[in-house]
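**Q** I'd like to ask you about the structure that follows.
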Amino acid sequence: MSAAAERDQTVLAERVRLEIERTIRRGIKGVEYLGSPAAVVGQTPKEVIHKQGTLNLYHYMPMSDEIYRVPILIVMATSNRGYILDLAPGQSFVEFLLKSGYDVYMIDWSTPSPDEKRLRFEDYTLRFIPECARRVRERSGEGELSVLGYCMGGVLSTIYVALRGAQDGVKNLVCFTTPIDFRGMTLFRKWSDQRFFDVDRLVDATGNVPSELIFSGFDMLRPASRIASQIQLWDNMWNDEFVKSYRRFERWGNDTLPLAGEYFRQTVKELIWKNALYEGTLELEGRRVDLGNITVPMLHALAEHDHIVPYEAAGPLIERVGSGDKQQIVLKGGHVSIAAGPNASKRLWPRLDAWLGGRSV
Amino acid sequence: MAEKPPSDPLSVWRELVSQWEKSVNSVANESMGSDQFSSSMNKALGASAQAQHLMTEAMSRYLATLNLPSREDVINIGERLQSIEAHLTRVVELLEAFPKSRRRRLVRAAPSMPPRTKRPSKPGKAE
(Lines give C-alpha, C1' and ligand atoms only; values in the text may rest on other atoms or scores of the structure.)
Protein backbone atom coordinates (compact mmCIF):
# COMPACT_ATOMS: atom_id res chain seq x y z
CA MET A 1 0.00 0.00 0.00
CA SER A 2 1.34 3.44 -0.90
CA ALA A 3 2.04 6.00 1.81
CA ALA A 4 -0.74 8.25 0.48
CA ALA A 5 -3.32 5.47 0.55
CA GLU A 6 -2.24 4.53 4.06
CA ARG A 7 -2.65 8.16 5.15
CA ASP A 8 -6.12 8.30 3.58
CA GLN A 9 -7.13 5.17 5.44
CA THR A 10 -5.91 6.63 8.75
CA VAL A 11 -7.79 9.87 8.19
CA LEU A 12 -10.94 7.96 7.23
CA ALA A 13 -10.63 5.77 10.32
CA GLU A 14 -10.25 8.89 12.46
CA ARG A 15 -13.30 10.39 10.77
CA VAL A 16 -15.37 7.24 11.43
CA ARG A 17 -14.20 7.22 15.07
CA LEU A 18 -15.27 10.85 15.39
CA GLU A 19 -18.69 10.09 13.89
CA ILE A 20 -19.21 7.18 16.29
CA GLU A 21 -18.28 9.44 19.21
CA ARG A 22 -20.67 12.12 17.94
CA THR A 23 -23.46 9.54 17.54
CA ILE A 24 -23.05 8.54 21.19
CA ARG A 25 -23.01 12.18 22.26
CA ARG A 26 -26.09 12.85 20.09
CA GLY A 27 -27.94 10.16 22.04
CA ILE A 28 -26.95 11.56 25.43
CA LYS A 29 -27.48 15.21 24.47
CA GLY A 30 -30.75 14.33 22.74
CA VAL A 31 -32.19 13.02 26.00
CA GLU A 32 -30.90 16.13 27.82
CA TYR A 33 -32.45 18.31 25.11
CA LEU A 34 -35.91 16.83 25.59
CA GLY A 35 -35.85 17.47 29.32
CA SER A 36 -34.16 20.87 29.40
CA PRO A 37 -35.96 24.16 30.06
CA ALA A 38 -36.60 26.80 27.38
CA ALA A 39 -33.62 28.85 26.21
CA VAL A 40 -32.96 32.07 28.10
CA VAL A 41 -33.28 35.11 25.83
CA GLY A 42 -33.45 38.90 26.09
CA GLN A 43 -30.90 39.23 28.88
CA THR A 44 -29.59 42.73 28.18
CA PRO A 45 -30.55 44.87 31.21
CA LYS A 46 -33.56 47.04 30.49
CA GLU A 47 -36.34 48.92 32.16
CA VAL A 48 -39.97 48.83 31.05
CA ILE A 49 -40.74 52.54 30.98
CA HIS A 50 -44.23 52.36 29.50
CA LYS A 51 -46.86 49.68 29.09
CA GLN A 52 -50.26 50.01 27.56
CA GLY A 53 -52.06 46.79 26.69
CA THR A 54 -50.16 45.07 23.89
CA LEU A 55 -47.48 47.79 23.88
CA ASN A 56 -44.27 47.61 25.91
CA LEU A 57 -41.60 50.30 25.74
CA TYR A 58 -38.14 49.26 26.96
CA HIS A 59 -35.16 51.42 27.72
CA TYR A 60 -31.89 49.47 27.65
CA MET A 61 -29.19 50.39 30.13
CA PRO A 62 -26.13 52.06 28.57
CA MET A 63 -22.97 49.99 28.05
CA SER A 64 -20.64 52.75 26.99
CA ASP A 65 -18.96 55.68 28.77
CA GLU A 66 -20.11 58.11 26.14
CA ILE A 67 -23.24 57.91 23.98
CA TYR A 68 -24.49 59.52 20.79
CA ARG A 69 -26.77 62.51 21.25
CA VAL A 70 -29.71 61.05 19.29
CA PRO A 71 -31.47 58.04 20.85
CA ILE A 72 -32.84 55.13 18.76
CA LEU A 73 -36.38 53.83 19.01
CA ILE A 74 -36.69 50.28 17.60
CA VAL A 75 -40.19 49.29 16.45
CA MET A 76 -40.56 45.51 16.44
CA ALA A 77 -42.79 43.59 14.04
CA THR A 78 -46.29 43.06 15.43
CA SER A 79 -46.23 39.31 14.79
CA ASN A 80 -43.07 38.48 16.75
CA ARG A 81 -41.29 39.21 19.99
CA GLY A 82 -38.50 41.75 20.16
CA TYR A 83 -35.98 39.43 21.82
CA ILE A 84 -34.93 38.23 18.37
CA LEU A 85 -32.80 41.38 18.44
CA ASP A 86 -31.44 40.43 21.88
CA LEU A 87 -31.03 36.67 21.72
CA ALA A 88 -27.97 36.19 23.93
CA PRO A 89 -24.85 38.04 25.05
CA GLY A 90 -22.56 38.11 22.03
CA GLN A 91 -25.48 37.46 19.67
CA SER A 92 -27.53 40.55 20.35
CA PHE A 93 -28.15 43.49 18.05
CA VAL A 94 -29.25 45.56 21.04
CA GLU A 95 -26.04 44.77 22.91
CA PHE A 96 -24.04 45.72 19.80
CA LEU A 97 -25.81 49.09 19.61
CA LEU A 98 -25.28 49.77 23.32
CA LYS A 99 -21.59 48.90 23.13
CA SER A 100 -21.29 51.09 20.04
CA GLY A 101 -22.57 54.04 22.08
CA TYR A 102 -26.26 54.31 21.23
CA ASP A 103 -29.08 55.05 23.65
CA VAL A 104 -31.56 52.28 22.76
CA TYR A 105 -35.33 52.04 23.27
CA MET A 106 -37.59 49.33 21.88
CA ILE A 107 -41.31 48.99 21.26
CA ASP A 108 -42.07 45.32 21.79
CA TRP A 109 -45.53 43.82 21.47
CA SER A 110 -47.21 41.25 23.66
CA THR A 111 -50.34 39.21 22.95
CA PRO A 112 -53.21 41.63 22.32
CA SER A 113 -56.06 41.12 24.76
CA PRO A 114 -59.50 40.19 23.37
CA ASP A 115 -60.72 43.78 23.69
CA GLU A 116 -57.70 44.98 21.69
CA LYS A 117 -59.15 43.31 18.61
CA ARG A 118 -60.35 46.82 17.71
CA LEU A 119 -56.82 48.20 17.32
CA ARG A 120 -56.18 49.63 13.87
CA PHE A 121 -53.24 51.11 11.97
CA GLU A 122 -54.34 54.46 13.35
CA ASP A 123 -53.74 53.22 16.91
CA TYR A 124 -50.28 51.87 16.13
CA THR A 125 -49.02 54.76 14.01
CA LEU A 126 -50.83 57.80 15.37
CA ARG A 127 -51.07 56.92 19.05
CA PHE A 128 -48.69 54.14 20.18
CA ILE A 129 -45.52 55.16 18.33
CA PRO A 130 -45.98 58.94 18.85
CA GLU A 131 -46.56 58.37 22.57
CA CYS A 132 -43.38 56.27 22.79
CA ALA A 133 -41.44 58.84 20.78
CA ARG A 134 -42.61 61.51 23.21
CA ARG A 135 -41.41 59.42 26.15
CA VAL A 136 -38.05 58.77 24.48
CA ARG A 137 -37.57 62.50 23.85
CA GLU A 138 -38.53 63.34 27.41
CA ARG A 139 -36.39 60.64 29.04
CA SER A 140 -33.35 61.38 26.90
CA GLY A 141 -33.79 65.14 27.14
CA GLU A 142 -33.23 65.35 23.39
CA GLY A 143 -35.65 66.80 20.87
CA GLU A 144 -34.75 64.27 18.18
CA LEU A 145 -34.68 60.51 17.74
CA SER A 146 -33.92 57.88 15.13
CA VAL A 147 -36.62 55.31 14.33
CA LEU A 148 -35.69 51.76 13.31
CA GLY A 149 -38.43 49.37 12.16
CA TYR A 150 -38.15 45.66 11.47
CA CYS A 151 -40.47 44.02 8.91
CA MET A 152 -44.05 45.10 9.77
CA GLY A 153 -42.46 47.32 12.41
CA GLY A 154 -40.84 48.99 9.41
CA VAL A 155 -44.23 49.43 7.75
CA LEU A 156 -45.61 51.06 10.90
CA SER A 157 -42.49 53.23 11.26
CA THR A 158 -42.70 54.31 7.63
CA ILE A 159 -46.36 55.30 7.98
CA TYR A 160 -45.59 57.09 11.25
CA VAL A 161 -42.67 59.06 9.84
CA ALA A 162 -44.68 59.96 6.72
CA LEU A 163 -47.50 61.35 8.87
CA ARG A 164 -45.72 62.74 11.93
CA GLY A 165 -41.96 62.51 11.42
CA ALA A 166 -41.37 66.24 11.19
CA GLN A 167 -43.50 67.26 14.17
CA ASP A 168 -42.08 64.46 16.37
CA GLY A 169 -38.41 65.24 15.75
CA VAL A 170 -37.53 62.08 13.81
CA LYS A 171 -33.97 62.58 12.61
CA ASN A 172 -33.28 59.30 10.81
CA LEU A 173 -35.33 56.36 9.60
CA VAL A 174 -33.88 52.87 9.33
CA CYS A 175 -35.88 49.92 8.02
CA PHE A 176 -34.99 46.24 7.96
CA THR A 177 -36.74 44.01 5.38
CA THR A 178 -39.81 46.20 5.11
CA PRO A 179 -42.49 45.31 2.53
CA ILE A 180 -44.07 48.18 0.66
CA ASP A 181 -45.21 46.76 -2.67
CA PHE A 182 -47.39 43.85 -1.66
CA ARG A 183 -47.59 42.54 -5.23
CA GLY A 184 -44.13 41.18 -4.43
CA MET A 185 -45.45 39.03 -1.57
CA THR A 186 -46.63 36.50 -4.13
CA LEU A 187 -47.66 33.58 -1.93
CA PHE A 188 -49.26 35.66 0.83
CA ARG A 189 -51.10 37.58 -1.87
CA LYS A 190 -52.26 34.36 -3.50
CA TRP A 191 -53.43 32.84 -0.22
CA SER A 192 -55.40 35.95 0.64
CA ASP A 193 -56.89 36.24 -2.87
CA GLN A 194 -60.09 38.28 -2.59
CA ARG A 195 -62.03 35.65 -4.59
CA PHE A 196 -61.37 32.94 -2.01
CA PHE A 197 -60.40 34.58 1.29
CA ASP A 198 -63.21 36.01 3.41
CA VAL A 199 -61.20 38.13 5.85
CA ASP A 200 -64.36 39.59 7.41
CA ARG A 201 -65.66 36.14 8.26
CA LEU A 202 -62.33 35.15 9.80
CA VAL A 203 -61.91 38.30 11.91
CA ASP A 204 -65.57 38.39 12.94
CA ALA A 205 -65.31 34.78 14.10
CA THR A 206 -61.96 34.92 15.87
CA GLY A 207 -61.60 38.51 17.15
CA ASN A 208 -57.82 38.57 17.24
CA VAL A 209 -56.28 36.38 14.55
CA PRO A 210 -54.76 33.35 16.33
CA SER A 211 -51.00 33.00 16.48
CA GLU A 212 -51.29 29.45 15.05
CA LEU A 213 -52.65 30.91 11.83
CA ILE A 214 -49.86 33.48 11.58
CA PHE A 215 -47.26 30.82 12.41
CA SER A 216 -48.66 28.42 9.80
CA GLY A 217 -48.60 31.19 7.20
CA PHE A 218 -44.85 31.72 7.74
CA ASP A 219 -44.20 27.98 7.98
CA MET A 220 -46.03 27.18 4.76
CA LEU A 221 -43.68 29.43 2.78
CA ARG A 222 -41.02 26.75 3.25
CA PRO A 223 -42.85 23.58 4.18
CA ALA A 224 -39.79 21.30 4.15
CA SER A 225 -37.51 23.58 6.14
CA ARG A 226 -38.86 22.64 9.57
CA ILE A 227 -38.12 18.94 8.99
CA ALA A 228 -34.75 19.75 7.45
CA SER A 229 -33.80 21.95 10.39
CA GLN A 230 -34.73 19.15 12.82
CA ILE A 231 -32.48 16.78 10.90
CA GLN A 232 -29.77 19.43 11.06
CA LEU A 233 -30.32 19.72 14.81
CA TRP A 234 -29.90 15.97 15.25
CA ASP A 235 -26.76 16.05 13.13
CA ASN A 236 -25.35 18.80 15.36
CA MET A 237 -26.73 17.56 18.67
CA TRP A 238 -23.16 16.91 19.88
CA ASN A 239 -22.36 20.63 19.44
CA ASP A 240 -23.57 22.59 22.50
CA GLU A 241 -23.19 26.00 20.87
CA PHE A 242 -25.24 24.95 17.83
CA VAL A 243 -27.97 23.49 20.05
CA LYS A 244 -28.12 26.63 22.22
CA SER A 245 -28.43 28.86 19.18
CA TYR A 246 -31.00 26.53 17.58
CA ARG A 247 -33.12 26.59 20.72
CA ARG A 248 -33.11 30.37 20.92
CA PHE A 249 -34.27 30.70 17.32
CA GLU A 250 -36.76 27.88 17.76
CA ARG A 251 -38.22 29.52 20.86
CA TRP A 252 -38.56 32.80 19.03
CA GLY A 253 -40.11 31.16 15.95
CA ASN A 254 -42.71 29.40 18.09
CA ASP A 255 -43.43 32.60 20.01
CA THR A 256 -45.50 34.09 17.20
CA LEU A 257 -48.09 36.60 18.41
CA PRO A 258 -51.77 36.80 17.52
CA LEU A 259 -52.66 39.91 15.54
CA ALA A 260 -55.32 42.43 16.49
CA GLY A 261 -58.37 41.63 14.36
CA GLU A 262 -59.02 45.07 12.84
CA TYR A 263 -55.32 45.56 12.19
CA PHE A 264 -55.23 42.23 10.33
CA ARG A 265 -58.36 43.18 8.37
CA GLN A 266 -56.74 46.48 7.34
CA THR A 267 -53.50 44.73 6.42
CA VAL A 268 -55.33 42.36 4.09
CA LYS A 269 -57.75 44.87 2.58
CA GLU A 270 -55.57 47.96 2.36
CA LEU A 271 -52.04 46.65 1.99
CA ILE A 272 -52.50 43.31 0.23
CA TRP A 273 -55.66 43.76 -1.82
CA LYS A 274 -55.39 47.46 -2.68
CA ASN A 275 -51.60 47.77 -2.31
CA ALA A 276 -52.52 51.17 -0.86
CA LEU A 277 -49.20 52.00 0.78
CA TYR A 278 -47.34 51.58 -2.49
CA GLU A 279 -50.06 53.26 -4.54
CA GLY A 280 -50.20 56.20 -2.13
CA THR A 281 -53.91 55.75 -1.46
CA LEU A 282 -53.77 54.65 2.17
CA GLU A 283 -55.70 57.08 4.37
CA LEU A 284 -55.57 57.16 8.16
CA GLU A 285 -57.89 59.51 10.03
CA GLY A 286 -58.49 61.42 6.83
CA ARG A 287 -54.80 61.90 6.03
CA ARG A 288 -53.21 60.28 3.00
CA VAL A 289 -49.99 58.42 3.72
CA ASP A 290 -47.56 59.83 1.18
CA LEU A 291 -44.14 58.21 1.37
CA GLY A 292 -42.79 61.25 -0.45
CA ASN A 293 -43.32 63.13 2.83
CA ILE A 294 -40.43 61.18 4.35
CA THR A 295 -37.51 63.52 3.90
CA VAL A 296 -35.19 62.48 6.75
CA PRO A 297 -32.05 60.42 6.02
CA MET A 298 -33.09 56.84 5.41
CA LEU A 299 -31.40 53.43 5.27
CA HIS A 300 -33.18 50.27 4.14
CA ALA A 301 -31.47 46.89 4.66
CA LEU A 302 -32.74 43.95 2.61
CA ALA A 303 -31.80 40.28 2.73
CA GLU A 304 -30.69 38.54 -0.44
CA HIS A 305 -32.48 35.28 0.42
CA ASP A 306 -35.56 36.70 2.13
CA HIS A 307 -38.42 34.26 1.49
CA ILE A 308 -40.91 36.25 3.59
CA VAL A 309 -40.34 39.73 2.19
CA PRO A 310 -38.71 39.26 -1.22
CA TYR A 311 -36.79 42.01 -2.96
CA GLU A 312 -39.79 42.79 -5.20
CA ALA A 313 -41.82 43.72 -2.11
CA ALA A 314 -39.16 45.66 -0.19
CA GLY A 315 -37.03 47.21 -2.93
CA PRO A 316 -39.48 49.94 -4.03
CA LEU A 317 -39.51 51.61 -0.58
CA ILE A 318 -36.30 53.51 -1.17
CA GLU A 319 -37.59 54.81 -4.52
CA ARG A 320 -40.82 56.08 -2.96
CA VAL A 321 -39.46 58.09 -0.04
CA GLY A 322 -38.72 61.76 -0.60
CA SER A 323 -35.38 61.80 1.26
CA GLY A 324 -32.39 63.20 -0.57
CA ASP A 325 -30.06 61.26 1.74
CA LYS A 326 -31.16 57.64 1.30
CA GLN A 327 -29.46 54.30 0.86
CA GLN A 328 -30.49 50.72 0.27
CA ILE A 329 -28.23 47.79 1.05
CA VAL A 330 -28.83 44.17 0.10
CA LEU A 331 -26.90 41.75 2.27
CA LYS A 332 -26.42 38.01 2.31
CA GLY A 333 -28.86 36.26 4.62
CA GLY A 334 -32.51 35.56 5.16
CA HIS A 335 -35.36 37.53 6.70
CA VAL A 336 -34.29 36.78 10.27
CA SER A 337 -30.60 35.97 9.91
CA ILE A 338 -29.86 39.38 8.36
CA ALA A 339 -30.66 41.04 11.69
CA ALA A 340 -30.06 38.31 14.24
CA GLY A 341 -28.03 35.47 12.69
CA PRO A 342 -24.43 34.66 13.60
CA ASN A 343 -23.17 36.63 10.58
CA ALA A 344 -25.22 39.76 11.30
CA SER A 345 -22.40 41.01 13.54
CA LYS A 346 -20.09 41.01 10.49
CA ARG A 347 -22.54 42.20 7.85
CA LEU A 348 -25.53 44.33 8.86
CA TRP A 349 -24.61 45.67 12.28
CA PRO A 350 -21.31 47.38 11.34
CA ARG A 351 -22.90 48.76 8.15
CA LEU A 352 -25.71 50.24 10.19
CA ASP A 353 -23.28 51.69 12.74
CA ALA A 354 -21.19 53.27 9.98
CA TRP A 355 -24.32 54.85 8.50
CA LEU A 356 -26.08 55.90 11.69
CA GLY A 357 -23.18 57.07 13.85
CA GLY A 358 -22.44 60.19 11.82
CA ARG A 359 -26.14 60.99 11.70
CA SER A 360 -26.67 60.62 15.46
CA VAL A 361 -24.56 63.54 16.69
CA MET B 1 0.44 18.34 -5.94
CA ALA B 2 -1.94 18.46 -2.98
CA GLU B 3 -3.86 15.25 -2.46
CA LYS B 4 -7.66 15.25 -2.50
CA PRO B 5 -8.86 15.00 1.12
CA PRO B 6 -10.96 11.94 1.94
CA SER B 7 -14.66 12.71 1.88
CA ASP B 8 -16.75 13.07 5.02
CA PRO B 9 -18.85 9.88 5.29
CA LEU B 10 -21.95 11.94 6.13
CA SER B 11 -21.42 14.77 3.68
CA VAL B 12 -23.32 12.98 0.91
CA TRP B 13 -26.27 12.45 3.23
CA ARG B 14 -26.18 16.13 4.31
CA GLU B 15 -26.11 17.23 0.70
CA LEU B 16 -29.09 14.97 -0.02
CA VAL B 17 -31.08 16.51 2.83
CA SER B 18 -30.26 19.98 1.54
CA GLN B 19 -31.30 19.07 -2.00
CA TRP B 20 -34.50 17.42 -0.74
CA GLU B 21 -35.38 20.57 1.25
CA LYS B 22 -34.84 22.83 -1.76
CA SER B 23 -36.79 20.68 -4.17
CA VAL B 24 -39.74 20.07 -1.81
CA ASN B 25 -39.96 23.79 -1.03
CA SER B 26 -39.81 24.65 -4.69
CA VAL B 27 -42.47 22.12 -5.74
CA ALA B 28 -44.71 23.01 -2.79
CA ASN B 29 -44.42 26.76 -3.50
CA GLU B 30 -45.42 26.14 -7.08
CA SER B 31 -48.51 24.14 -6.18
CA MET B 32 -49.42 26.48 -3.30
CA GLY B 33 -49.42 29.37 -5.75
CA SER B 34 -52.36 27.94 -7.66
CA ASP B 35 -55.97 29.16 -7.50
CA GLN B 36 -57.07 25.66 -6.60
CA PHE B 37 -54.83 25.54 -3.52
CA SER B 38 -55.87 29.00 -2.41
CA SER B 39 -59.54 28.13 -2.80
CA SER B 40 -59.26 24.83 -0.89
CA MET B 41 -57.12 26.36 1.86
CA ASN B 42 -59.55 29.19 2.43
CA LYS B 43 -62.54 26.86 2.46
CA ALA B 44 -60.84 24.85 5.18
CA LEU B 45 -59.87 28.03 7.03
CA GLY B 46 -63.43 29.37 6.83
CA ALA B 47 -64.87 26.11 8.11
CA SER B 48 -62.35 26.02 10.93
CA ALA B 49 -63.11 29.63 11.92
CA GLN B 50 -66.85 28.88 11.88
CA ALA B 51 -66.31 25.74 13.97
CA GLN B 52 -64.25 27.73 16.44
CA HIS B 53 -67.00 30.34 16.66
CA LEU B 54 -69.68 27.71 17.38
CA MET B 55 -67.41 25.98 19.87
CA THR B 56 -66.84 29.25 21.72
CA GLU B 57 -70.59 29.83 21.99
CA ALA B 58 -71.23 26.29 23.24
CA MET B 59 -68.41 26.58 25.77
CA SER B 60 -69.79 29.87 27.12
CA ARG B 61 -73.17 28.22 27.76
CA TYR B 62 -71.49 25.23 29.41
CA LEU B 63 -69.40 27.45 31.72
CA ALA B 64 -72.50 29.39 32.69
CA THR B 65 -74.24 26.19 33.83
CA LEU B 66 -71.18 25.37 35.96
CA ASN B 67 -71.30 28.85 37.46
CA LEU B 68 -67.83 29.62 36.14
CA PRO B 69 -66.78 32.91 34.54
CA SER B 70 -67.23 32.90 30.80
CA ARG B 71 -64.78 34.30 28.27
CA GLU B 72 -66.92 37.43 28.10
CA ASP B 73 -66.59 37.85 31.87
CA VAL B 74 -62.83 37.54 31.67
CA ILE B 75 -62.80 39.99 28.77
CA ASN B 76 -64.83 42.43 30.84
CA ILE B 77 -62.33 42.16 33.69
CA GLY B 78 -59.56 42.66 31.16
CA GLU B 79 -61.28 45.76 29.83
CA ARG B 80 -61.63 47.15 33.32
CA LEU B 81 -57.93 46.50 33.95
CA GLN B 82 -57.18 48.19 30.65
CA SER B 83 -59.21 51.16 31.72
CA ILE B 84 -57.34 51.29 35.05
CA GLU B 85 -54.08 51.10 33.14
CA ALA B 86 -55.19 53.99 30.91
CA HIS B 87 -56.12 56.01 34.00
CA LEU B 88 -52.72 55.30 35.54
CA THR B 89 -51.06 56.42 32.32
CA ARG B 90 -52.99 59.69 32.50
CA VAL B 91 -52.00 60.14 36.17
CA VAL B 92 -48.33 59.60 35.28
CA GLU B 93 -48.69 62.08 32.42
CA LEU B 94 -50.14 64.64 34.83
CA LEU B 95 -47.29 64.03 37.24
CA GLU B 96 -44.83 64.45 34.42
CA ALA B 97 -46.43 67.76 33.57
CA PHE B 98 -45.32 69.06 36.98
CA PRO B 99 -42.27 71.32 37.01
CA LYS B 100 -39.14 69.14 37.19
CA SER B 101 -38.10 70.48 40.58
CA ARG B 102 -41.40 69.39 42.17
CA ARG B 103 -41.68 66.17 40.21
CA ARG B 104 -38.35 64.69 41.26
CA ARG B 105 -39.82 63.35 44.45
CA LEU B 106 -42.94 61.99 42.78
CA VAL B 107 -41.76 59.96 39.82
CA ARG B 108 -38.86 57.61 39.36
CA ALA B 109 -36.01 59.37 37.68
CA ALA B 110 -34.32 58.01 34.58
CA PRO B 111 -31.02 56.26 35.27
CA SER B 112 -28.01 58.52 35.13
CA MET B 113 -26.84 58.43 31.55
CA PRO B 114 -23.33 58.88 30.13
CA PRO B 115 -22.66 62.20 28.38
CA ARG B 116 -24.21 62.47 24.90
CA THR B 117 -20.99 63.59 23.35
CA LYS B 118 -19.99 60.52 21.35
CA ARG B 119 -18.91 61.03 17.78
CA PRO B 120 -18.16 58.38 15.19
CA SER B 121 -14.59 57.13 15.10
CA LYS B 122 -14.15 58.66 11.62
CA PRO B 123 -15.75 62.12 11.96
CA GLY B 124 -17.64 63.38 8.95
CA LYS B 125 -17.41 60.00 7.25
CA ALA B 126 -21.08 59.12 7.40
CA GLU B 127 -21.64 56.61 4.59
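The values are calculated or read from the model by the stated rules, or taken from the named source; none is laboratory data. For clarity, every value in this text was computed on a predicted model and none was experimentally measured. Heads up, the Cβs are rebuilt from the backbone with ideal geometry, glycines too, and the neighbour counts pull from every protein chain shown.
**Q** Considering only the range B:40-63, I want to know if a residue exists there that is hydroxyl-bearing (Ser, Thr, Tyr), under 30 Å from the mean Cα position of the chain (by Cα) and at pLDDT 85 or above.
**A** yes
**Q** Go through (1) more than 30 Å from B:Leu81 (Cα to Cα); (2) among the acidic types (Asp, Glu); (3) modelled with pLDDT of 95 or more and name the single condition A:Asp219 misses.
**A** (3)
**Q** Collect the residues in the range A:137-165 that are within 11 Å of chain B (Cβ to nearest Cβ) and part of a helix (DSSP H, G or I), keeping them in residue-number order.
**A** Hits for the range A:137-165 are A:Glu138, A:Arg139, A:Ser140.
**Q** Report yes if A:Arg17 is loosely packed, with under 11 Cβ neighbours inside 10 Å and assigned to a helix (DSSP H, G or I), otherwise no.
**A** The answer is yes for A:Arg17.
Residues are listed down the side, and each one gets a yes or a no for (1) within 24 Å of A:Ile159 (Cβ to Cβ); (2) more than 13 Å from every other protein chain (Cβ to nearest Cβ); (3) buried (at least 17 other Cβ atoms within 10 Å of the Cβ):
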{"residue": "A:Ala301", "(1), (2), (3)": "yes, no, yes"}
{"residue": "A:Val309", "(1), (2), (3)": "yes, yes, yes"}
{"residue": "A:His335", "(1), (2), (3)": "yes, yes, yes"}
{"residue": "A:Arg347", "(1), (2), (3)": "no, yes, yes"}
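**Q** Here is a follow-up. Out of the residues in the range A:103-136 meeting the condition of being assigned to a loop (DSSP other than H, G, I, E, B) and modelled with pLDDT of 95 or more, tell me which one is farthest from the other protein chains (Cβ to nearest Cβ). Show your work before the answer.
**A** Initially, the range A:103-136 is screened for residues assigned to a loop (DSSP other than H, G, I, E, B), giving A:103, A:110-113, A:119-120.
From what's left, modelled with pLDDT of 95 or more: A:103, A:119-120.
Values: A:Asp103: 7, A:Leu119: 11, A:Arg120: 16 Å.
Restricting to residues being assigned to a loop (DSSP other than H, G, I, E, B) and modelled with pLDDT of 95 or more, the top hit is A:Arg120.
**Q** Give me a count of the residues in the range A:211-224 that are crowded, with 17+ Cβ neighbours inside 10 Å and either among the small types (Gly, Ala, Ser) or more than 17 Å from A:Leu187 (Cβ to Cβ) (or both).
**A** Of the residues in the range A:211-224, 3 are crowded, with 17+ Cβ neighbours inside 10 Å and either among the small types (Gly, Ala, Ser) or more than 17 Å from A:Leu187 (Cβ to Cβ) (or both).
**Q** Then there's this: Kindly indicate whether A:Lys269 is surrounded by fewer than 16 Cβ atoms within 10 Å (Cβ to Cβ) and closer than 24 Å to A:Thr125 by Cα.
**A** yes
**Q** Let me ask something else. With respect to A:Gly82, determine if the residue is among the small types (Gly, Ala, Ser) and closer than 30 Å to A:Thr267 by Cα.
**A** Yes: the conditions hold for A:Gly82.
**Q** I've got another one for you. Among the listed residues A:Tyr263, A:Tyr278, identify the single one that is modelled with pLDDT of 85 or more, more than 13 Å from every other protein chain (Cβ to nearest Cβ) and out of contact with any Ser or Thr (no Cβ under 8 Å at 6 or more places or on another chain).
**A** Working: A:Tyr263 fails: out of contact with any Ser or Thr (no Cβ under 8 Å at 6 or more places or on another chain).
The conditions single out A:Tyr278.
**Q** Now a separate question. For residues that are hydrophobic (A, V, I, L, M, F, W, C) and at the interface with chain B (Cβ under 8 Å from one of its Cβ atoms), scanning just the range A:349-361, find the one that is surrounded by the most Cβ atoms within 10 Å (Cβ to Cβ).
**A** Taking the range A:349-361 first, the residues hydrophobic (A, V, I, L, M, F, W, C) are A:349, A:352, A:354-356, A:361.
After this cut, where a residue has to be at the interface with chain B (Cβ under 8 Å from one of its Cβ atoms) as well, the list is A:354-355, A:361.
Details: A:Ala354: 15, A:Trp355: 22, A:Val361: 15.
Ranking the candidates gives A:Trp355 first.
**Q** What's the number of the condition A:Arg25 fails, among (1) more than 10 Å from chain B (Cβ to nearest Cβ); (2) within 32 Å of the chain's Cα centre (by Cα); (3) touching a residue at least 12 places away in the same chain (Cβ under 8 Å)?
**A** Tallying (1) more than 10 Å from chain B (Cβ to nearest Cβ); (2) within 32 Å of the chain's Cα centre (by Cα); (3) touching a residue at least 12 places away in the same chain (Cβ under 8 Å), A:Arg25 fails exactly one: (2).
**Q** Quick check on the range A:310-332. Is at least one of its residues assigned to a loop (DSSP other than H, G, I, E, B) and free of Cβ contacts under 8 Å to residues at least 12 places away in the same chain?
**A** Kept after step one, since they are assigned to a loop (DSSP other than H, G, I, E, B), are these residues of the range A:310-332: A:310, A:315, A:321-325, A:332.
Applying the additional criterion that residues be free of Cβ contacts under 8 Å to residues at least 12 places away in the same chain yields none.
Within the range A:310-332, none of the residues are assigned to a loop (DSSP other than H, G, I, E, B) and free of Cβ contacts under 8 Å to residues at least 12 places away in the same chain.
**Q** Within the range B:40-77, which residues are away from chain A (no Cβ under 13 Å), without any contact (Cβ under 8 Å) to a residue 12 or more places away in the chain and either within 30 Å of A:Lys190 (Cα to Cα) or not in a loop (DSSP other than H, G, I, E, B) (or both)?
**A** Hits for the range B:40-77 are B:Ala58, B:Arg61, B:Tyr62, B:Leu63, B:Ala64, B:Thr65.
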